[in-house]
Each structure stands twice: as C-alpha cells, then as structure tokens.
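The values are calculated or read from the model by the stated rules, or taken from the named source; none is laboratory data. This structure is a prediction, so every number in the text was calculated from the model and none was measured. Every residue, glycine as well, gets a Cβ built from its backbone with ideal geometry; the counts of neighbours run over all protein chains shown.
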Amino acid sequence: MADAVDLAALVRGDKAVWAAFVRRYAGLIFSAVRGVARDPGDAEDLAQEVFLRLCKDDFRLLKTYDSTRAGLSTWLTIVARSTARDARRRHQLKLTPLDAVPEAALSVTDMPREQIKLPDELLSPRQKLVLTMIYEKEMEVAEIAAALGIDPQTVRSTHHKAMLKLRSHFALEDAPPKLDRRG
Amino acid sequence: MPGPGDEAGEAALWARWRALAAAWGAGRVPEPDALLLAAYAEGRLDEAAAASVEDWLAEEPERIADVAAARAAISAPPAVAPEGLVARAAALVGPVDPQIVPFRYPTQRAAGWRSVAAWGGLAASILATSLIGFALGNDAYVTLAGGSAGESAVQDLFEPPGSGILPTMEEDSSL
C-alpha cells in the first residue's frame, strides 16, 4: 500500500485530512487487530481504540512517526496490534477474579536452578529467535522464513547450527569429571 | 529440521537452555519502539540493530506475529473496514456530528481559555469578598467605638476623612 498522507496537516487536527486518513487506513488497522481480537465486534472496538490512541493528547503518537525510518502502513500495523493487545490485557485483568487464577500461578516458590554458568554468546539472537519460533510458537519453516524475510534454507541451517552448539555445550556440561590417576 | 526421532530431544535441549537462561536472568532486552520494529519488518536495520530486535523477539515470542503481520501488510491489498468503524473513527477529530457518536471523545484542545476564565473569576470573587468583608468589619468597629454613622468604611475607602469633598458632621449641623 503506497503511503501518501499529509502528516503535517493530520497532526494539526485538520478534520478533512483525518477523515481521509481514516478512510485509507481503517481496513489496514481493522485487519491488523483481527488477529488479536476474539470476534469481529471485538475487532471493531479494538480498531477504534487504535484511532483514539493515534489522535489523543494532540496526536502525540502520530507525531512520533518518522517516514524516513519506516513505512506508515508497517508502523500502523505494529502500533495497532500493540494497542489492541494492551487493551485486551487491560480488559482481561478487569474481568479475571482471583479465584479463577490457578494456585500454581500465584505461588512464589523458587524454580530449581541449574548450577551451570550460561555462556553469554552461546546462541546468536537470530538462532534464539528461530528456535523460539520452532519449539515455542510451533511455526513451520515457510512461516518463519516469511516472518523474518529470509530464505527457508537459511532457517534450516540456522536451526541446525544452533542445535549443534546446544548439543556440544550440554554434552560438555553433562560429562562426568575426569579422575586424576597420577601418583 | 529435526526428524521425528530427534525432535523431542532437540525440543528438550532448547527447553533446558531456556530454563537456564531464565534462571540466570538472561534476556532482559529493552523493548524496541514501534518505529524500530517496523524498520526491522521492512529489513531496513543494520546487522547490530536487527540482532538487538531479534534478541528481544526471542524473549517475547507473542510479538513475532506483529512483525509477520507488518511484513505482510507491505504487499497485502487494502482490506475493507466496517462502515460504522470508519464513521466513528472519523468523528474523533473536529466538530462532532450529532448523527455519529464516537466511543469516546478525544481530549479537548480548546480547554485552555476556559481554565484561564475560571481561575480569573475565582480570583475576582475572592477580591470582592475581601473588600466587602473589610468594609463591613470597619463599619462595625466605628459603630462600637462610638463614631458617627457618617464615617463609614465604605466612605473612607473612596473619600478618606478630611478630603473635604463631603461635609463632616460638624459642618453639616452648622448649615
């Protein structure tokens, strides 16, 4: 989607420019929040929250947008999903009675801690991200490649190299200490 | 990608690393702002900046979908929004259309002069009350001290005694 909006007029509060902006980006924002919403009615409310956030406090959020750093559609999608998620979280916090929270979630017992030092640079950020997407988000290689804008083969090789590092690291950690047979 | 046999083992290795990282407090990466995430989605960041975003995404896996959606939005055809949403969102700015009620109104931008008028009115009423109170109090003092009714404080305020504009009691009786 080509981004051509008179941002200066928009943040001045020009009603006609705002109306044109809404007509142009309502579909994009609606479709962005749909992934976070429970149903279409909820998506409409969340999209309205996004527009409200964009114009509140004298367009404070819109004034932070910088067209030299990212496209407006991309930025709006990120802002829309983030706003929608925050709104949903606030709503859920209001509605969740304490009795509904499992006792385990409220406990403050310490998790058993492995007494092994974690090397800071064992995995690169890209490797951590790919493993997170595979094992925690259960995403397919093609999905990961599309989300990261990289080749599927790169995803496979990143995964492979990360696993080699993890295996090697934990094999060393798990190896029994060698006995000193001298003397 | 892992085969069926070693998939569980690899997942367990990753889970072990995750638990270890959490236990050591690793992964406290500051959240990138929306512009930085958008720039990442568009592939505009250099290697170091992209690595910092990916580090954060690995700790916040639910935000990966935001980046994927933003990347998809670059090439996606424009979606259609419900008419009601467009009308209500458009009504958030500018004069209110009585036919359309937005969910909530934005902050009033013209509230400044109202505030000045309100504080000014308050200051004026305090001043007026003080002046009247002072005048009444002074009148009561003059009455109790045996002064004449003509020497009222209200008169004193505007015409101090001896100014000669109004006749005194003595002058008045001699007339």
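Looking at B:Ala12, B:Ala76, which one is more than 7 Å from every other protein chain (Cβ to nearest Cβ) and at pLDDT 85 or above?
Details: B:Ala76 fails: at pLDDT 85 or above.
It is B:Ala12.
Restricting to region A:1-21, count the residues that are over 21 Å from A:Thr68 (Cα atoms) and not in a helix (DSSP H, G or I).
2
Taking into account only those residues within region A:22-42 that are part of a helix (DSSP H, G or I) and more than 9 Å from chain B (Cβ to nearest Cβ), which is surrounded by the most Cβ atoms within 10 Å (Cβ to Cβ)?
Start the filter on region A:22-42 by keeping residues that are part of a helix (DSSP H, G or I), which leaves A:22-34, A:40-42.
Right, trim to more than 9 Å from chain B (Cβ to nearest Cβ) and you get A:33, A:41-42.
On the way: A:Val33: 27, A:Gly41: 10, A:Asp42: 17.
The residue in question is A:Val33.
Between A:Leu61, A:Leu54, which is buried (at least 21 other Cβ atoms within 10 Å of the Cβ), part of a helix (DSSP H, G or I) and out of contact with any Asp or Glu (no Cβ under 9 Å at 6 or more places or on another chain)? Step through it out loud before you land on a result.
On the way: A:Leu61 fails: buried (at least 21 other Cβ atoms within 10 Å of the Cβ).
Just a single option satisfies the conditions, and that option is A:Leu54.
Restricting attention to region B:33-73, which residues are among the small types (Gly, Ala, Ser) and assigned to a loop (DSSP other than H, G, I, E, B)? If you could, list the steps in order and put the result at the bottom.
Taking region B:33-73 as the starting set, the residues that turn out to be among the small types (Gly, Ala, Ser) are B:34, B:38-39, B:41, B:43, B:48-52, B:58, B:65, B:68-70, B:72-73.
Of everything in region B:33-73, just one residue is among the small types (Gly, Ala, Ser) and assigned to a loop (DSSP other than H, G, I, E, B), namely B:Gly43.
Could you pull out the residue among A:Leu61, A:Leu52 that is closer than 19 Å to B:Ala41 by Cβ, at pLDDT 90 or above and at the interface with chain B (Cβ under 9 Å from one of its Cβ atoms)?
The match here is A:Leu61.
Within region B:22-32, is there a residue that is farther than 20 Å from A:Ala70 by Cα, facing chain A (nearest Cβ under 9 Å), modelled with pLDDT under 90 and not in a loop (DSSP other than H, G, I, E, B)?
yes
Within region B:74-94, work out how many residues are under 16 Å from A:Phe21 (Cβ atoms) and either hydroxyl-bearing (Ser, Thr, Tyr) or not in a loop (DSSP other than H, G, I, E, B) (or both).
6
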